[in-house]
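Below is one structure; the comments refer to it alone.
The values are calculated or read from the model by the stated rules, or taken from the named source; none is laboratory data. These numbers come from a predicted model, not from an experiment. For neighbour counting, all protein chains shown are included, and Cβ atoms are generated from backbone atoms with ideal geometry for every residue, glycine included. For accessibility, only protein heavy atoms count, side chains too; no ligands or nucleic acids. Shrake-Rupley method; radii C 1.70, N 1.55, O 1.52, S 1.80 Å.
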Amino acid sequence: YLCHYRHHHHHIIMGQTWAKKMLWHPGPDEKEVSLSQASNDWLMSDEFDVWLKDFFGFTYKFRSWLYLKGLVEQQRLHIARKMQEELCRLEKVKPRRFSVENVALEVLQGSLNAEGSMFSMCEPQVTLRMDHEGRVYSQTTINSSGIHANPTPPSLSDLGIQQQLEARQREADVEGSASYAFRISQTYCFTHYSPPRGKQSWESELVYFRFDLRPFQAYVVQVEVSDSGDSIQTFNLAGDLLVEISSKSDVETLLKALAAASQRPVDMLCLAFPDGTLVHGEDPPRGSIESFLVPPHAENDSNNMFDHVGKQTEGGTPEEQQQRQQQQQQQHQEQPEHLQERQHIEPQGNCGIVF
C-alpha cells in the first residue's frame, strides 16, 4: 500500500486556534453568584490557558484529552481552590463570598456513518483532520490521489454531541449554583473510502472545561470521640460517618482527610467539637485534635466530682438540708414562667450551623 501523510503545522492545543467558546453560563436570575465581565474575560483569555497548562506541565503536548481529564479529576480540589483565589482577586471580594466546585474537564465524542469493518483499512481512502472551523491541519491518503474539495463538517446534532451537551447542562443546572462551561477544543476526522463515490464517515471530539459557582456555605462536620477513646470519628449533619482518625493526629491532617472524603475544599470545612468549639478550615489552629476533645469518661468523672463537692458544701443536719431545699423550690416558683422553662432545656447533642 502506498500511504501518503501530509501535516499542516497547525496547533490545536488549549485554544491556540481560538476554539474557546462559552457553552453555558448563569442566567439573569442567578446574578447573586455570577461573575463580573473582568472574570469572564479572564476565563476566555490566553491567560487562563497558560494558568491551566501549569497544572499539566509538558504532558499536555503529547497526551490525549482523556488522559488530561483524569489529571483534572485527581487535582480537582487543588484546581478549584486556585481558581477561587484568582476569581476572588478579579472580583475584589473576600474568598468567603463564593466557592468554586465541581471542576471538570469533559470529553464528548460523536460520529456519523462511522460503522466500519476490519476490511475498511484495506480500501483506498483519504482521511482529513480538521479544527473546529473545518480547516484541515492533516491529511492521510492510502492508494488514492486525494479529494478535490474539502467537505463541510456536519452539525453537532447530527454527530450526537449536541444531545450530550444538553444532558450535561441539565445535570449542572442545580438550584443555588451557577454553572459555567466553555469549549477548549473541537476536532473533526473525515474519512472517504474509495473516493470519489465510496462511503464517507465523520468522527468528532469536543473538549470543554466546566465548574460551578456557589454562595459560600461552610460544610459542618461533627467531631466525636470513639467508644474506645483511641480515635475520633467525624459525621456530617445527616449522621453519616466520614472519617475516623487517630486522636493523636493534628487538625490539619483531619481537615485534609475530610476534604478528600467530602470532595470539598479545606477552606469550606467547619469542625464542630462536642464542647461547641467551631474550627474553620480556612484558618485552622495548630496542634493535636486531643486539645479540643473531652473523652466521655472524663466528663462523667467531672460530674461525679461536682456531685461530691456539692454534698460536702451542703453539710448541716437533715432538717437544715430540707429547709434549704424548700427555699430553693420557693425561689424557683417565684421566677417568671419563661425562665423556669429555660432552666429545664438540655442540650440535644451537637448542633451544626451553616455559616
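The lone criterion from (1) within 27 Å of Ala172 (Cα to Cα); (2) free of Cβ contacts under 8 Å to residues at least 40 places away in the same chain left unmet by Phe211 is number (2). The single condition among (1) open to solvent by 30 Å² or more (accessible area, probe 1.4 Å); (2) at pLDDT 85 or above that Met83 does not meet is (1). Note on segment 231-244: residues that are in contact (Cβ under 8 Å) with a residue 24 or more places away in the chain and either surrounded by fewer than 16 Cβ atoms within 10 Å (Cβ to Cβ) or of a type in the set (Ser, Thr, Tyr) (or both) total 2.
Yes or no, residue by residue, for (1) out of contact with any helix residue (DSSP H, G or I) (no Cβ under 9 Å at 6 or more places or on another chain); (2) assigned to a strand (DSSP E or B):
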residue: His132; (1), (2): yes, no
residue: Ser145; (1), (2): yes, no
residue: Asn150; (1), (2): yes, no
residue: Leu165; (1), (2): no, no
residue: Arg168; (1), (2): yes, no
residue: Tyr180; (1), (2): no, yes
residue: Ile184; (1), (2): no, yes
residue: Pro196; (1), (2): yes, no
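Within segment 104-117, not a single residue is in contact with a His (Cβ under 9 Å, 6 or more places away or on another chain) and either within 26 Å of Ala19 (Cα to Cα) or not β-branched (Val, Ile, Thr) (or both).
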